[in-house]
Amino acid sequence: MATTTDRPAPTAVTERPGALRRGPRPDVGRIALYTVAVLAALLWLLPLLWSFATSIKPEGETTITPPTWFTADPTFDAYAQVLGRGDLIRWTFNSFVTTSIVTALTLIVCVPAAYGFSRFDFRGRPWLFALIIGGILIPPQTLIVPQFILMTQLGLVDTYWGIALPQVVAPVFVFILKRFFDAIPCDYEDAAKIDGAGSLRILWNVMLPLSRPILTAVGIFTFIGAWNNFLWPFLVTTDPDTMTLPVGMGTVMGGYGIQYAQVMASAVLGALPLLVVFLLFQRHIVTGVAGAGIKG
């Protein structure tokens, strides 16, 4: 009777001595992106840091050559003098009021217009939308003279409404919001119509909650643009009590002489509201811009 011999079990292939496992390859694209982002952040922060460094110097050290970043005797006298005059607080309040009016009216006007172009088919719709898009190509400076004449005839010079109303028209935001509404499925509206909802209720209860990121981004960009606007408020205001912050800072530079520490202190105080707004809503801004870019 034949007997079977035990064969040795197959052995696993072993790695060669000295062989090294390769780790994950570095993502060159992500490293480059982070590098560019850090450099851009530094370029954005440098003017603000220089303004703050200059604002805490004694006035005599702001004109020395070559200029220096640091001072051996930091002081906040420039901030005390700027705030002590009281004008800066008044100008900041004026900027906040007019900017809030511009932001609110821009959303009130642009949201229904964009929703109408996105969801309703009416006669002349393509031509009217093309006319609005054509408004993006018109430089705002070309409208200053007729706008000033209109504000004068309406008696709105040196008023909050005279500063705010000409800044409300924003064709680019109508286009952005329309593209965002186009990407929202119509199933949500159909379900609301089955429940008996009308167009205004659908816009308020369905479209606006779904569009919260892009609405926040549009509102923030409108707020920043209106806050930094200098030319139109400069032309339509002559009373110091109605001047906005950028216009008021210009009068300080011209009326009190060039006092660099006080000018920089005013610039830092004027930039603080925008910095706070950006830090509070940066997540909504990024989400809104990314959503508009993907869906648009």
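Step by step: first the residues of the stretch 241-290, then only those that are surrounded by fewer than 17 Cβ atoms within 10 Å (Cβ to Cβ) and in contact with a Pro (Cβ under 8 Å, 6 or more places away or on another chain), then the one that is modelled with the highest pLDDT. Which residue is that?
For the stretch 241-290, the residue satisfying everything is Thr251.
Kindly evaluate Ile133 against the criterion of being within 30 Å of Phe234 (Cα to Cα), part of a helix (DSSP H, G or I) and open to solvent by 70 Å² or more (accessible area, probe 1.4 Å).
no
Filtering the stretch 184-223 down to residues that are surrounded by 16 or more Cβ atoms within 10 Å (Cβ to Cβ) and among the β-branched types (Val, Ile, Thr), which residue is nearest to Met249 (Cα to Cα)?
Per the stated criteria, the residue is Thr222.
From the list Gln141, Gln153, which one is out of contact with any Ser or Thr (no Cβ under 6 Å at 6 or more places or on another chain), in contact (Cβ under 8 Å) with a residue 40 or more places away in the chain and open to solvent by 50 Å² or more (accessible area, probe 1.4 Å)?
Gln141
Within the stretch 51-65, how many residues turn out to be surrounded by fewer than 14 Cβ atoms within 10 Å (Cβ to Cβ) and modelled with pLDDT of 75 or more?
0
For Leu143, are the conditions met, namely being in a helix (DSSP H, G or I) and at pLDDT below 85?
yes
Determine if the stretch 117-140 includes at least one residue that is more than 25 Å from Arg201 (Cβ to Cβ), in contact with a Leu (Cβ under 9 Å, 6 or more places away or on another chain) and among the small types (Gly, Ala, Ser).
no
Only one residue in Arg201, Arg179, Arg212 is closer than 27 Å to Ile132 by Cβ and touching a Lys or Arg at 6+ places or on another chain (Cβ under 8 Å). Which one?
Arg179
Give the residues of the stretch 103-117 that are surrounded by fewer than 17 Cβ atoms within 10 Å (Cβ to Cβ) and over 21 Å from Tyr160 (Cα atoms), sorted by residue number.
Pro112
For the stretch 66-81: of the residues being within 12 Å of Ala261 (Cβ to Cβ), hydroxyl-bearing (Ser, Thr, Tyr) and not in a helix (DSSP H, G or I), which is modelled with the lowest pLDDT?
Thr71
Using beta carbons and a limit of 8 Å, which pairs, at least six apart or on different chains, have the first residue in the stretch 77-102 and more than 27 Å from Leu165 (Cα to Cα) and the second one of a type in the set (S, T, N, Q) and not in a helix (DSSP H, G or I)?
Pairs that qualify, where the first residue is more than 27 Å from Leu165 (Cα to Cα) and the partner is of a type in the set (S, T, N, Q) and not in a helix (DSSP H, G or I), are Ala78/Gln259.
Conditions first: (1) touching a Cys at 6+ places or on another chain (Cβ under 8 Å); (2) at pLDDT 85 or above. Ala170 passes all but one, so which condition is the exception?
Here Ala170 meets the rest and fails (2).
Which pairs turn up if I take residues in the stretch 118-135 that are at pLDDT 80 or above and polar (S, T, N, Q) and look for partners that are in a helix (DSSP H, G or I) and open to solvent by 40 Å² or more (accessible area, probe 1.4 Å) with beta carbon separation below 8 Å, at least 6 apart in sequence or on another chain?
Between residues of the stretch 118-135 that are at pLDDT 80 or above and polar (S, T, N, Q) and residues that are in a helix (DSSP H, G or I) and open to solvent by 40 Å² or more (accessible area, probe 1.4 Å), the close pairs are Ser118/Asp182.
Which residues, counting only those in the stretch 146-192, are under 27 Å from the mean Cα position of the chain (by Cα) and not in a helix (DSSP H, G or I)?
Asp158, Thr159, Val168, Val169, Ala170, Ala183, Ile184
The values are calculated or read from the model by the stated rules, or taken from the named source; none is laboratory data. Since this is a predicted model, take the numbers as computed values, not measurements. Using ideal geometry, Cβ is built from the backbone for each residue, glycine included, and neighbour counts are taken over all protein chains shown. Quick note on the areas: whole protein, heavy atoms, side chains included, nothing else; ligands and nucleic acids left out. Shrake-Rupley method; radii C 1.70, N 1.55, O 1.52, S 1.80 Å.
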